[in-house]
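Taken together, the values in this text are just the output of simple stated rules run on the coordinates, not laboratory data. In this text the structure is predicted, and so the values were computed from the model without any measurement. When we count neighbours, we look across all protein chains shown, and the Cβ atoms used for this are built from the backbone with ideal geometry, even at glycine.
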Amino acid sequence: MKKIRSNESGFTLVELLASIIILSIIILGIFQMFIFSAKTATSNQTKLVTTHLAKATIERIKVDAESYFSFDQVEVGNTKIFDKENCTARDCELFTMTVNDLSYEVEIEVSQDSAEKDLNLINVIVTVTQPEKKLSSKLEGYVVDEE
């Protein structure tokens, strides 16, 4: 009895399908990782912008608080909130900013207690929000009431 030897080499259809499925699973996992990292980078960038806008706003308030609110509106023991809806400033456009084609909203909360009144300080909390991505940053500081 003579053995028939086959010189055929290569992959069977089952082996080829198995390798394609395994490669597809690996590639899909890598794409998901890229998508997740891109979303995270965008979110982090927006959060960073809200933080920098809050810092810049509080520094502008320290230089020219009357552009945002009047010192006469600050009452000891009461908190007053200023935003684009209840703006009493000279320029209400200061409460809305656009960076990288995204709109950011600024809210300023001012308050003063009796100890701060004695020191001529006004407590200011600036909140910058990016409504579409629902991200915000808060920054607190003091403004000197020079009146």
Completion exercise
Of the listed pairs 55/84; 47/138; 80/138; 84/134; 84/138; 80/133, those with alpha carbons more than 21 Å apart are 80/133
Practice task
Pull up all non-local amide H partners of residue 99: gap of 5 or more, or a different chain, and H-to-H distance under 5 Å with H placed in the peptide plane.
Solution key: 104
Practice task
May I ask you to compute the full-extension gain from residue 34 to residue 62, defined as 0.36 nm times their residue separation minus their alpha-carbon distance, rounded to one decimal in nm?
Solution key: 5.9 nm
Practice task
Could you calculate the contour length gain from residue 133 to residue 11, that is, 0.36 nm times the residue separation minus the distance between their Cα atoms, to one decimal place in nm?
Solution key: 38.9 nm
Completion exercise
Taking the chain and counting helices only, DSSP H stretches of n ≥ 4 at -39,500 (n - 2.57) each over all residues, the nearest-500 ellipticity at 222 nm comes to -13500 deg cm²/dmol
Handout entry: Acute angle (nearest 10 degrees) that the helix 13-63 long axis makes with the longest principal axis of the chain, alpha-carbon atoms
Key = 10 degrees
Problem - Surface/4 of the Cα convex hull for the chain, nm² - result: 15.5 nm²
Problem - Relative contact order (%) - the range 47-147, alpha-carbon pairs under 8 angstrom, separation at least six - result: 31 percent
Fill in the blank from the handout: For 99, 144, 106, ascending order of other Cβ atoms within 10 Å (fewest first) is 144, 99, 106
